[in-house]
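The values are calculated or read from the model by the stated rules, or taken from the named source; none is laboratory data. Because the structure is a prediction, the values reported are computed rather than measured. Cβ: placed from backbone, ideal geometry, glycine included. Neighbour counts: every protein chain shown. Just so you know, the surface numbers come from the protein's heavy atoms only, side chains and all, with ligands and any DNA or RNA stripped out. Shrake-Rupley method; radii C 1.70, N 1.55, O 1.52, S 1.80 Å.
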Amino acid sequence: MTIQFTTDGSPGYRRLALWQDIVCDVFVGLDCKSDLGSAFHGSVTQVPLGKAVCSEVRSDRQHVFRTPSRIARSDHDYVLVALGHRGDGGVVQDGRETVIHPGEFALYDTTRPYELKFRDSFSQVIFKVPREMMKRRLGGTETLTAITYGADAPLEQLAYDFIYRLCRSADRLAPNSAAALSEQAIDLLAMALTERLGNTSLPSSTHRSALLYRLKAHIRARLADPDLSLSETAAALGISSRYVNDLLADEDTSFQRHVLVERLAQCKRDLASPVLAHRHIGEIAFAWGFNDVSHFGRVFREHFGMSPRDYRQSQLRH
């Protein structure tokens, strides 16, 4: 269901204050300034897409701040993907500043201060993703924010097109389809970002983070392979097995545990899908790299508190 907020119809003297309230309700706590006063106009539409949210912002020029005090009062952690459609928008975060032109996108993380600068009227599509969904795929975001993506790289252009069109169609999707497509959009985004990191010469201080991104992307691409191993993964990245586990120890996990959690997450998603209701539970488990149905059932129950069969039935009843 689409929700729309607009300053139209409100008294001129109230528009900026109303816009401030709208932006804080739709996104996260922000401070908005504009020199247009009573001439200011803005509107936002919002549609849920699984655990993510799609929004379209149309507004006059403004300057937006996410301050430390706002962050301290918030318990919501998101990564926002801003896709340029009309006009230009500046993003400042983590010591970097970039400009988003139409057809490009950039990220900013709500857990750290940022600024958005719009010198003229603009429209953007905003894909708001729970931070844990990005972290599970890529780790931290410190090396990814306030960088423009989508200008030349084919994967980045594909990510832009897919997310933009998905968000524009979100209000016409069934909930199960929306949730599955949202996950696919984040997978594609993570793939594009990982490719950029692999082709970029990074400062030594961010090299460890970049390796973690590449490690997680390698694992996700090979989850279905039951022979996925620590030694093969280490060799593919050109590092030692010990270093692989050292990287994952930063997130209090290990190679084997990370692979298990990722496989379980994919199985859980497939078990909840009506489209896959005809597939046997064992087929789904084998499709994601498990080779023992009893072992799968046991670890699924340990992680989610119920058997795969009970979980599937609970989801498909809705």
Could you work out [θ]222 nm for the chain from helices alone, using -39500 (n - 2.57) per DSSP H run of at least four and dividing by all its residues? Round to the nearest 500 deg cm²/dmol. -14000 deg cm²/dmol
Quick check of the Kirkwood formula: for segment 210-304, what is the inverse mean of 1/r over all pairs of different Cα atoms, in Å? 14.0
Can you give the log10 of the normalised intensity I(q)/I(0) at q = 0.12, 0.25 Å⁻¹, computed with Debye over equal Cα scatterers of segment 219-271? -0.27, -1.00
Once the Cα atoms of helix 154-169 and of the chain are each reduced to a long axis, what angle between those two axes, in degrees from 0 to 90 to the nearest 10, is obtained? 70
Kirkwood-type radius of the chain, with distances r between different C-alpha atoms, in Å: 21.2
Share of the chain's accessible area from carbon and sulfur, percent, 1.4 Å? 51
For the residue pair residue 168 and residue 276, what label-to-label distance in nm results when each label sits 7 Å from Cα along the Cα-to-beta-carbon direction? 3.0
Would you please calculate the Kirkwood hydrodynamic radius of segment 54-154 over all C-alpha pairs and express it in Å, rounded to one decimal? 13.8
Label-to-label distance, nm, for residues given as residue 33 and residue 6 (7 Å Cα→Cβ offset): 2.9
Where does segment 50-110 land on Rg/Rh, using Cα atoms and the Kirkwood Rh? 0.96
Compute the accessible area per residue over the chain, keeping the other protein chains in place, probe 1.4 Å, unit Å². 48
Multiply the residue separation of residue 231 and residue 131 by 0.36 nm, subtract the distance between their alpha-carbon atoms, and state the gained length in nm to one decimal. 33.0 nm
Whole-number D in µm² s⁻¹ for segment 113-166, Kirkwood Cα-pair radius fed into Stokes-Einstein, 37 °C, 0.692 mPa s: 244
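Full-extension gain between residue 97 and residue 303, please, as 0.36 nm times their residue separation minus the C-alpha to C-alpha distance.
Contour length minus the Cα-Cα distance gives 70.0 nm.
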Report, ordered by chain and residue number, the lysines lying within cross-link reach of residue 117, taken as a straight Cα distance under 22 Å and ignoring same-chain residues fewer than 8 apart. 33, 128
Once the cut-off is 21 Å, how many percent of the Cα-Cα pairs in segment 1-120 end up in the long-distance tail? 38
Along the Cα-to-Cβ line of residue 176, 7 Å from the Cα, sits a label point; which residues in segment 50-87 have backbone N less than 13 Å from it? none
Which residues does the label zone of residue 208 cover in segment 125-146, counting backbone N under 13 Å from a point 7 Å along Cα→Cβ? 140
